[in-house]
Amino acid sequence: MPTDVENWKSEVYGNEVRDRLFEFAEAGFDSIPDDERDAWFERFKWWGLYHQRNGQEGYFMLRIGTPNGVLEPGQLRVVGEIADEYARGPGTNPIFGGAYADFTTRQSIQLHWIELSDVPAIFEKLEANGLSTQQACGDSWRNIVGNPVAGKDGQEVVDAWPVIRELNETFKGNDDHANLPRKWKVSVTGSADGSGQGDINDLAFEPAYKAVGGGEGGVDNDGSEDAVGFNVRVGGGLSRNEPRLARDIDVWVPPEKVPAVAGGLSALFRDNGDREDRYNARIKFLVDEWGPEAVRETLQDEYVDFELETAGRDVREEYTYNTGSGERNDLIGVHDQKDGRNFVGLNVLVGRMGAGDVLELADLADEYGSGEVRLSQRQNVIVTDVPDDALDAFRDEPLLEHYSPSPSPFMRGSVACTGTEFCSLSIVETKNRQVRFARWLKANVDLPGGVDEFHIHLSGCTASCAQPQIADVSLRGMKTRKDGDPVEALDVGLGGGLGDEPGFARWVTQRVPADEVPGAIANLIEGFAAERDEDESFRAFVARHDDEELDALVEPKETDYEDPMLHNTKRTWYPYAENDAMEDAPPAPADD
Amino acid sequence: MTTRLRVLDDGAWISVDDDRKVRVSELWRLDASDLCDCALTDLVVENFQAVGVDGSTVEARVYGQCIACGEDGTTGWIPVGRVHGGSFAEIDRDAVRRPTDCSDG
Ligand code: HEM
Ligand code: SF4
Ligand SMILES: [Zn+2]
């Protein structure tokens, strides 16, 4: 039997949702019939609108998909202005204030507290400036990710930016690919650093050389010329306690054929994915069932009209991003561009930036760079095109005290998802908690010599939006009892990371009460410092210990860290409200 | 009178007549559950997999973990509330629940 969601999608979905959305916006939130709300909320996702959780009725999260995280000159200012004008609601965040933008792990932007009646005006402003929310959520092509500095990166093998733009133009608003069984997450990377994180996407294109007649590129041992293009992997994803790495389907494609192969695989998923069970719908499960060979065969036989090449020579050995290796493990700091200028990665703690700061950053990007800003998959921002002689003055800007190009390792390594503040699925409070953790760790814990990065990712539930499984320390929302009372807790995983040999964190310690987590991390780092072999990385250290030994190192402990959110934040309408009880939830916003 | 039952938000809520009524992230105590060997399973409710009704009892199958022993998985049908005269009342969250073994949902 098809699911409710499939039934709703089969009635109305995709582009046609827009007109109805605008009608409801015009007539007011209450014009959505009660018994159709859930169906419409599901459909609105396709246009980037996600109804916030219970207790926040009538307010929406709005996601702007910025392909590859690229914000062209002027676009960040538009985002800041929209956040300032529209992303305010009845709840004020004690750390971040009243209007802010979230930079996400898939290089998108989320705004909260959006009212339906404001949506047409917001869309108009976004679209007039080349931005869009189309397919930012829902069951289709999501925001395409990659190395955010594509086209500029000194370490580039092939420029993926024109390829990403073409995919975006081809598959956004494309009715043939508008209604897939589940989300479809694509990564296209041209750099040799692995920063596109292809391994955890449904479909990944990774840089690779192939000896094909007459191509350009390097010269092989046998003297033939190598063309640059992409190897293809399928079926990665982290959600639901079933993390998978994308599997190699033994295909190499030249840049100009990427849309045909990507469209073929998206159609294969559309036709063969499981529409009866949403938990089993992602293509990772189809790849489990079929095996990569059958995926390749079906793609060749039914979905493309040319002979597929076999995989080329990849550059995975050179990957550094999120590997814990110490080199370009993220894109923070000053790095060379191909054209002699620089890109400067700035740390945004847990990806959240107040609207005023967004506007100020847009000004700084104009002043010191070209006005362009890019977003990384570690929830950070990158100001590009900064000439050498502007670097010092840029670094001296007061805003960079908060968004630093050389942050403390604990600030730098923190990633957190949305959590109970807005998300229905969450089991615990996340972003503010991760800020408190990072501040406490910065003040109280020293990493052993030579270790200047340490990634801690916090996800509120197993959906894994903060990509916890690929961090040094993975934290995942749980519940436990402390002195008999239910409290928010975290499972602790260790030693995950990407690279040539990616691996997911091992969950070694379960259900640590949230207030004991900083102490547990401090103890773990102390044990690491004491037992480390010479200049061993944390990931290598974890790899040579078994789960029991690691569990012993993670010793939960109460410290002077205080957690104001230990109670069930899920039972509140907004965890930080003075009167936070669900009964005190504000009514849906009245139409202006 | 029929009752409209749905699992919404990717398993985060059980909705009864288009109202989100039962949420994940609570701790439930289960007597003699099939999830683990504990006499009293102390279940973190992480995800609703299915919802059904047996007479006036609304039941769900739940993905979660017993915090007493650490076992995780999907339970059989567990009562979550009752429908009386068209309105739904959730079972007291601190009550001990006894899994039922069938549902027509
Ligand atoms: C209202 C807030 C959000 C909700 C309700 C939500 C919902 C979900 C759900 C249900 C999944 C599991 C998907 C599946 O089973 O296929 C998921 C996974 C994921 N989401 Fe979110 N999400 C939210 C916010 C975010 C944010 C802020 C980001 C950052 C872009 C994000 C990125 C991801 C990623 C990277 C994954 C997991 C990786 C994967 O399996 O592909 N989500 N989210
Ligand atoms: S990981 Fe879970 S809690 Fe966090 S945003 Fe994703 S769905 Fe929500
Ligand atoms: Zn048990």
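The values are calculated or read from the model by the stated rules, or taken from the named source; none is laboratory data. Please read all numbers here as calculations on a predicted model, not as lab measurements. Quick reminder, even Gly has a Cβ in these numbers, built from the backbone with ideal geometry, and neighbours come from all protein chains shown.
Here B:Asp9 clears all of (1) charged (D, E, K, R); (2) under 22 Å from A:Arg511 (Cα atoms); (3) within 16 Å of ligand 2 (Cβ to nearest atom) except the condition numbered (2).
Before we move on, is B:Thr57 within 22 Å of A:Thr462 (Cα to Cα) and more than 16 Å from ligand 2 (Cβ to nearest atom)? So B:Thr57 fails the test.
The set of residues from the stretch A:476-492 being small (Gly, Ala, Ser), closer than 19 Å to A:Pro518 by Cβ and over 19 Å from the mean Cα position of the chain (by Cα) comprises just one member, A:Ala489. Tell me yes or no: at least one residue of the stretch B:17-28 is within 21 Å of A:Val5 (Cα to Cα), modelled with pLDDT of 90 or more, within 16 Å of ligand 1 (Cβ to nearest atom) and part of a loop (DSSP other than H, G, I, E, B). Yes - at least one qualifying residue is present in the stretch B:17-28. Taking the stretch A:450-465 as the range and being in contact (Cβ under 8 Å) with a residue 60 or more places away in the chain and either of a type in the set (Asp, Glu) or over 20 Å from A:Tyr561 (Cβ atoms) (or both) as the test, the residues that pass are A:Gly450, A:Val451, A:Asp452, A:Glu453, A:Thr462, A:Ala463, A:Ser464, A:Cys465.
Within the stretch A:449-467, the residues that satisfy the criterion of being within 16 Å of ligand 1 (Cβ to nearest atom), away from chain B (no Cβ under 14 Å) and not polar (S, T, N, Q) are A:His455, A:His457, A:Leu458, A:Ala466. For A:Val435, are the conditions met, namely being surrounded by fewer than 24 Cβ atoms within 10 Å (Cβ to Cβ), more than 14 Å from chain B (Cβ to nearest Cβ) and within 16 Å of ligand 1 (Cβ to nearest atom)? When the stated conditions are applied, A:Val435 passes them.
What tally of residues in the stretch A:83-118 results from selecting those that are in a strand (DSSP E or B) and more than 16 Å from ligand 1 (Cβ to nearest atom)?
To start, the set of residues in the stretch A:83-118 that are in a strand (DSSP E or B) comprises A:93, A:97, A:100-103, A:108-115.
Now narrow it down to the ones that are more than 16 Å from ligand 1 (Cβ to nearest atom): A:97, A:115.
Total satisfying the criteria: 2.
Tell me the residue from A:Glu562, A:Glu501, A:Glu578, A:Glu534 that is surrounded by fewer than 21 Cβ atoms within 10 Å (Cβ to Cβ), within 20 Å of A:Val445 (Cβ to Cβ) and without any contact (Cβ under 8 Å) to a residue 60 or more places away in the chain, please. Matching residue, one of A:Glu562, A:Glu501, A:Glu578, A:Glu534: A:Glu562.
Here the stretch B:24-34 is the region considered, the condition is being more than 9 Å from chain A (Cβ to nearest Cβ) and touching a Pro at 6+ places or on another chain (Cβ under 9 Å), and the residue that is nearest to A:Lys570 (Cα to Cα) is B:Leu30. Annotation: A:His567 fulfils all but one of (1) in a loop (DSSP other than H, G, I, E, B); (2) at negative phi; (3) assigned by TED's automatic domain parsing to the domain that holds A:Phe454; (4) over 28 Å from the mean Cα position of the chain (by Cα); the unmet one is (4). Evaluation of A:Phe454 against the conditions (1) crowded, with 21+ Cβ neighbours inside 10 Å; (2) within 16 Å of ligand 2 (Cβ to nearest atom) shows that the sole unmet condition is (2). Scanning the stretch A:166-193 for residues that are in a loop (DSSP other than H, G, I, E, B) and not hydrophobic (A, V, I, L, M, F, W, C) turns up A:Lys172, A:Gly173, A:Asn174, A:Asn179, A:Pro181, A:Arg182, A:Lys183, A:Lys185, A:Thr189, A:Gly190, A:Asp193. State which residue is nearest to the other protein chains (Cβ to nearest Cβ) when the search covers only the stretch A:16-40 and only residues that are surrounded by 14 or more Cβ atoms within 10 Å (Cβ to Cβ) and within 17 Å of A:Pro587 (Cβ to Cβ). The residue in question is A:Arg37. Residues that are at pLDDT 95 or above, within 27 Å of the chain's Cα centre (by Cα) and within 16 Å of ligand 1 (Cβ to nearest atom) number at least 3 in the following helices (runs of 4 or more DSSP H) confined to the stretch A:216-309: A:258-272, A:283-290. From the list A:Gly477, A:Gly484, A:Gly495, A:Gly413, the lone residue that is at pLDDT 95 or above, within 14 Å of another protein chain (Cβ to nearest Cβ) and more than 16 Å from ligand 3 (Cβ to nearest atom) is A:Gly477.
For (1) free of Cβ contacts under 8 Å to residues at least 40 places away in the same chain; (2) within 14 Å of chain A (Cβ to nearest Cβ); (3) over 14 Å from the mean Cα position of the chain (by Cα), each residue gets a yes or a no:
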{"position": "B:Arg4", "(1), (2), (3)": "yes, yes, yes"}
{"position": "B:Val16", "(1), (2), (3)": "no, yes, no"}
{"position": "B:Val22", "(1), (2), (3)": "no, yes, no"}
{"position": "B:Asp37", "(1), (2), (3)": "yes, no, yes"}
{"position": "B:Asp54", "(1), (2), (3)": "no, no, no"}
{"position": "B:Thr57", "(1), (2), (3)": "no, no, no"}
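Among the residues of the stretch B:27-49, the ones that are within 16 Å of ligand 2 (Cβ to nearest atom) and within 24 Å of A:Arg37 (Cβ to Cβ) come to 3 in all. Annotation: A:Pro73 fulfils all but one of (1) in a loop (DSSP other than H, G, I, E, B); (2) under 18 Å from A:Gln135 (Cβ atoms); the unmet one is (2). Could we say that A:Ala463 is near ligand 2 (Cβ under 10 Å from one of its atoms) and among the aliphatic types (A, V, I, L, M) here? Spelling it out, A:Ala463 is indeed near ligand 2 (Cβ under 10 Å from one of its atoms) and among the aliphatic types (A, V, I, L, M). Within the stretch A:44-61, being more than 15 Å from ligand 2 (Cβ to nearest atom), touching a residue at least 60 places away in the same chain (Cβ under 8 Å) and under 19 Å from A:Tyr13 (Cβ atoms) holds for A:Trp46, A:Trp47, A:Gly48, A:Leu49. Quick check on A:Thr384: is it at pLDDT 95 or above, in a helix (DSSP H, G or I), hydroxyl-bearing (Ser, Thr, Tyr) and away from ligand 3 (no atom under 16 Å from the Cβ)? No; evaluated as a whole, the condition is false for this residue.
Given A:Val445, A:Val428, which one is in contact with a helix residue (DSSP H, G or I) (Cβ under 8 Å, 6 or more places away or on another chain) and within 12 Å of another protein chain (Cβ to nearest Cβ)?
A:Val428
Examine the stretch A:387-399 for a residue that is small (Gly, Ala, Ser), touching a strand residue (DSSP E or B) at 6+ places or on another chain (Cβ under 8 Å) and without any contact (Cβ under 8 Å) to a residue 60 or more places away in the chain, and state whether such a residue exists. Working first, answer last.
Pass one, the stretch A:387-399, residues small (Gly, Ala, Ser): A:390, A:393.
Pick out the ones that are also touching a strand residue (DSSP E or B) at 6+ places or on another chain (Cβ under 8 Å) and you get none.
Taking every residue of the stretch A:387-399 in turn, none turns out to be small (Gly, Ala, Ser), touching a strand residue (DSSP E or B) at 6+ places or on another chain (Cβ under 8 Å) and without any contact (Cβ under 8 Å) to a residue 60 or more places away in the chain.
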